[in-house]
Amino acid sequence: MGSGASTIPGDTEEDARQFSHFPSKDIQEWSSSFRSEYPGGLMTPKDLEEIFRSFFPFGSPTNFSRRLFETINIGQTTAIDFHELLIAYSILIKGSDHEKLRWIFRFYDKDNDGLVSKEEMVEVVQYLADMTSHTLDVSIDSEGIVEEIFTSVGGSKSFLTFEDFKALSTKNEKLFKMLTPFSE
């Protein structure tokens, strides 16, 4: 991990628009709000955690928000900037199905090896459970969910490829939706 802020080549509003599916006016408003909330122009993992803590006051968002931060943090630095946040938001809200799937797959692929192991998926599903189950008053069996997912895509596999993940999204939408709390 590097230090300092992540940067996207150019790092200008024009560059941000290039990677976004939103109108320029919206981007300018959001950028202004971001800079107002984070005067240094950077969001730390703790800042992101506090946002999720406000949505899930009875849960524990620490691990989830840290994993989300790592996925948004393209430059692998100590803070994310508005442009990185905008790219992630743009993909998850307005991206093509393929872009959304790729991003969500990256979210589960903790070691960035291009595969999602059962262990990685159990960990990330548990992060979701830790954050939401107390607030929503539900019990989530992370290992059971992951076992069901892996069984539905091929039984004895110990990892998922992107193609497996893609097949899951169409083959078993109910299970897939459990993995994607931040997509539409």
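The values are calculated or read from the model by the stated rules, or taken from the named source; none is laboratory data. Computed from a predicted structure; not experimentally measured. No Cβ is skipped: glycine too gets one built from the backbone with ideal geometry, and neighbour counts run over all protein chains shown.
Data for the structure
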| item | result |
| --- | --- |
| Any hit, segment 130-152, residues being surrounded by fewer than 20 Cβ atoms within 10 Å (Cβ to Cβ), touching a residue at least 60 places away in the same chain (Cβ under 8 Å), among the hydroxyl-bearing types (Ser, Thr, Tyr) and assigned to a helix (DSSP H, G or I) | yes |
| Residue ID - surrounded by the most Cβ atoms within 10 Å (Cβ to Cβ), chosen from residues in segment 165-175 that are free of Cβ contacts under 8 Å to residues at least 24 places away in the same chain and assigned to a helix (DSSP H, G or I) | Leu168 |
| Filter result for the condition that a residue is out of contact with any helix residue (DSSP H, G or I) (no Cβ under 7 Å at 6 or more places or on another chain) and more than 30 Å from Ser33 (Cα to Cα), over Lys94, Lys174, Lys157 | Lys174 |
| Top-ranked residue of segment 32-49 - restricted to ones that are under 20 Å from the mean Cα position of the chain (by Cα) and part of a helix (DSSP H, G or I), ranked as farthest from Leu68 (Cα to Cα) | Phe34 |
| Residue in segment 59-70 that is within 19 Å of Phe162 (Cβ to Cβ), modelled with pLDDT of 95 or more and not assigned by TED's automatic domain parsing to the domain that holds Lys166 present | yes |
